Structures are given as C-alpha cells and as structure tokens.
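So the structure is just underneath, and the comments pick up after that.
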Amino acid sequence: MSKLCKYCGAEMDDEAFECPECLKKIPGAEVLAKQKKIEKKQKRKSILLISSVAAGAVLLITLIVIAVTLIFKKPSDYYEKPIKTYIEGCVMNDYKEYISPFTDYYSKYLSEQYAYIVMGKIPEEEENVHKAAILYLDSYYQEMIQKYGRDFDITYDVLSEKHYTEEELKKYQDEYVGYYKEGLEGTKFNDGYELAINFKIEGNLGKNTVTDSKFMVFKINNKWYMMNAIDFMAEKDETKDVEQFN
C-alpha cells in the first residue's frame, strides 16, 4: 500500500520520507528518519546478542562434550589405533599400513629383515629394501589366504593391561635410544602399556588364535606406536619384541 504526497499528490512508498516527484519532505521526516535509524540499530544489536548467546551456548556444549569424553576415555582409546592399523595392513595386503604403526627406526629394521628373507641379503638401496619388503608381505598374505581363506579377518581382545611407571618409561627410552643411536636426540617416551592380547584369525578355511603376553605400546614424542611384530601364522603363543626389549 502506498501513500500520497500532500504537496503534489504523487504516490509515495510507505517508507519514503521524500516525494519522488516534487522532492519535498513529508512533515516530521527528520524525526521519522532518526527513529527508523534507532530502530534499525536496536534490531541489529538484538541480532548480534542472539548470535553471541547462541555461539556461547554451542561453545559451552562443545567444551562439556570434550570434558566428558576425556573423563570417560579408556587407555585403549589412545593406544589401539596402531594395533588396528597393523591388522588392517595385513588383511588388506597394504605394506604402508602394515609398517606404519612402528617407529621410523623400527620400521627400517623390520623392512631390512623382510628384505633379507626375500633376497637372502639386505639391499644397499633403500628403494630396493622397500620393494623386497612389499614382496615379503604379499607372500605372507598369500599364505594367510591358503591357511584361513580369502575372506579371513583378524580381531583381538586385550586380556590384561599394565601401565608403565615413569621409571620404566625412562628405562625403555634409554634402551631404545641406545640401540638405534643416531638421529634420536630429543626422543621422549611419554606413556606406555604392557598388554596381553589374543589375536583371533578366522576365515572360511580355518581359524587360529595367537597370544602375545608382552605386547608393548608406547607414546613416543606424543604419538602411539607398537613395539611387537605378530606372526598370525604361528601355531603357539609367540611374542616378538623389539630386539633391545628382550
């Protein structure tokens, strides 16, 4: 709905303070414009206030969720990631996943051992070590298929959990640094557990359980790593620790 200019009779928009034809202002235009400006400013403040309250509520809820999560998190919620990655690498025949749960230095050690099994020697070139290690995992994967079936899967149960003390962490840290030596300045064992684990391998051709009674996981420089390589083909309980931890 529109209104008429009292001076020329032209139609004006209801919100207009000035006639579009004769350009004369309506009576009280300045007061109305000022009032309109105040109303607009108050509306903007209200919107900002509501937005701030909503943002604050979201932040508060987020902080509560984080706090509750941290309070109720189990130790396994932290150290299980490398174990799951290792299993995934074996089941999917993916060497990158299979070796990634280990520290760089232990990964290098394992890859060289796998290369030696395949080639009868450790190649001088790092690239050839990696290629041979991939061949090792592929051969191991084929053996797993023959024994358990192409659809085999691996699950695990943690039977017991021992939290290492500060003194024990320092001991293992010193042994680790002392064993690998070069490039390990500043290495810090932040946390660690000694676990007893049952690994269950099952497929359409067979099943097996391999128990590791001294499965070691450490948080090193704020990242969790495994310290045991598991032979899922083993017929008896078997533990393979990092050599320096024997």
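The table below lists the values:
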{"read-out": "Surface accessible to a 1.4 Å probe, Lys214 within the full protein complex, Å²", "value": "60"}
{"read-out": "Average accessible surface area per residue within the stretch 82-227, 1.4 Å rolling probe, Å²", "value": "54"}
{"read-out": "Relative packing of peptides 196-205, 138-147 - highest average C-beta neighbours within 10 Å first", "value": "196-205, 138-147"}
{"read-out": "Förster-model FRET efficiency, 35 Å R0, Lys223 and Ile50, C-beta, rounded to 0.05", "value": "0.25"}
{"read-out": "For the stretch 116-202, alpha-carbon Rg over 2.2 N^0.38 Å", "value": "1.55"}
{"read-out": "Karplus-derived 3J(HN,Hα), 6.51/-1.76/1.60, for each residue of the stretch 150-167, Hz, glycine and proline x", "value": "5, 9, 4, 9, 10, 10, 8, 10, 7, 7, 8, 8, 10, 8, 5, 7, 4, 5"}
{"read-out": "Efficiency of FRET between Asp94 and Glu235 - r from beta-carbon atoms, R0 25 angstrom, step 0.05", "value": "0.45"}
{"read-out": "Around Ala115: net Lys/Arg minus Asp/Glu count, Cβ-Cβ under 15 Å", "value": "-3"}
{"read-out": "Mean separation of Cα contacts under 8 Å (6+ apart) over length of the stretch 106-171, as relative contact order %", "value": "21"}
{"read-out": "Point-to-point label distance, Glu126-Lys214, nm (Cα→Cβ direction, 7 Å offset)", "value": "3.2"}
{"read-out": "For the stretch 76-147: rounded, prolate or oblate by the Cα gyration tensor [a/c cutoff 1.5]", "value": "oblate"}
{"read-out": "Full-stretch length increase - Lys162, Glu182 - with 0.36 nm per residue and alpha-carbon distance subtracted", "value": "4.2 nm"}
{"read-out": "Calculated FRET efficiency for the pair Asn198/Arg150, C-beta based, R₀ 22 Å, to 0.05", "value": "0.40"}
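The values are calculated or read from the model by the stated rules, or taken from the named source; none is laboratory data. Everything numeric in this text was worked out from a predicted model, so none of it was measured. We place every Cβ from the backbone using ideal geometry, glycine too, and count neighbours over all the protein chains shown. Calculation scope for accessible area: heavy atoms of the full protein, side chains included, ligands and nucleic acids excluded. Shrake-Rupley method; radii C 1.70, N 1.55, O 1.52, S 1.80 Å.
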